[in-house]
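S.K.: The structure follows.
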Amino acid sequence: MTVDTGTLAKRFEAALADLDVSVTYTDPTEFGQILETLAREPAVGTSLPFSSISLPDWVDDEPTPASLDSATTGITAASFGIADYGSVVLPATPLGAEQVSLFPDLHIPVLREVDIVAGMPTAIDRLGPELREGGSAIIATGASATADMGSLVKGAHGPKDVHVVVLEMTDGADNLDKTGESGE
């Protein structure tokens, strides 16, 4: 766990670095170019709930089992990040966003900087209503890793690499949560 100093974004970045996870900050105008430099094709993704950005045309946003199997990169929206753990919260969706984050070797979660919370108590408070209504989410912390059979193996049960993209939104127009209400 990271020491409670600095901004939430800096704490999140430090926790990600402890997990060997890279992070890139960008604004909506540079988002497409950032994805081009980070993603490896073929890429699959889920729709992004941010009004100012969308996935490029070269990302398959309606993946099939076959395209998931052949994908090298998965791009998903994260509901929020947890600064102290370097975790991202990925919403479960009827179309199966979970598979897009788990099958490809590289996972690129995308979240807004304003959606970084301090720690697990805040995260649980934020997730609580959705979970009580039958929803679910994945709390993902770094690349998949296991040492069940001896030495540490990355990517055994999920992505081998994770690269978080944090959107720096400068205007209030895009500070909407998924219910359309003003964010933090």
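S.K.: Need one word for region 71-141: rounded, prolate or oblate. Basis is the Cα gyration tensor (sqrt eigenvalues a ≥ b ≥ c); a/c below 1.5 gives rounded, then a/b vs b/c decides.
M.R.: Details: a/c = 2.33, a/b = 1.33, b/c = 1.75.
It is oblate, given that a/c is not under 1.5 and a/b is not larger than b/c.
S.K.: How would region 15-166 be classified by its alpha-carbon gyration tensor: rounded, prolate or oblate, with rounded meaning a/c under 1.5 and the a/b versus b/c comparison settling the rest?
M.R.: Details: a/c = 1.27, a/b = 1.06, b/c = 1.20.
Rounded, since a/c falls under 1.5.
S.K.: Follow-up question, since we're still on this one. For THR64 and GLU133, compute 0.36 nm times the residue count separating them, minus their Cα-Cα distance, and round to one decimal in nm. Don't skip to the end; give the middle numbers.
M.R.: Values: separation 69, 0.36 × 69 = 24.84 nm, distance 2.81 nm.
Result for the pair: 22.0 nm of gain on full extension.
S.K.: Using amide H atoms built in the peptide plane, which far-off residues or other-chain residues are under 5 Å from ALA137 H to H?
M.R.: The answer is ALA92.
S.K.: Using a simple spin-label model with points 7 Å from Cα along the Cα→Cβ vector, what separation in nm is obtained for ASP57 and GLU113?
M.R.: 3.2
S.K.: Binning at 10 Å from 0, report for region 22-61 what percent of all alpha-carbon pair distances ends up in each bin.
M.R.: Calculated over all Cα pairs of region 22-61, the distribution is 27, 62, 11 percent.
S.K.: May I ask you to derive the relative contact order of region 78-127, considering only C-alpha pairs under 8 Å and at least 6 residues apart, and to give it as an integer percent?
M.R.: Details: 55 pairs, mean separation 21.9, N = 50.
Answer for region 78-127 is 44 percent.
S.K.: So what's the gap between the Cα centers of region 8-55 and region 109-133, to the nearest angstrom?
M.R.: Between the Cα centre of region 8-55 and that of region 109-133, the gap is 18 Å.
S.K.: GluC sites (Glu not before Pro), restricted to region 49-153: which are DSSP loop and have at most 12 other Cβ atoms within 10 Å?
M.R.: Numbers: sites: GLU98, GLU113, GLU130, GLU133; in loops: GLU133.
Within region 49-153, the qualifying GluC sites (Glu not before Pro) (loop, at most 12 other Cβ atoms within 10 Å) are GLU133.
S.K.: Counting other Cβ atoms within 10 Å of each Cβ, which trypsin sites (Lys or Arg not before Pro) in region 5-87 have at most 15 and sit in a DSSP loop? Display every interim value, and only then the final one.
M.R.: Details: sites: LYS10, ARG11, ARG40; in loops: ARG40.
Here the trypsin sites (Lys or Arg not before Pro) that fit, given the DSSP loop and packing criteria, are ARG40.
Every number in this text was worked out from the coordinates using simple rules, so none of it is lab data. All figures in this text were calculated on a predicted structure; none of them were measured in a lab. Positions of Cβ are generated from backbone atoms using ideal geometry, with glycine treated the same way; all protein chains shown enter the neighbour counts.
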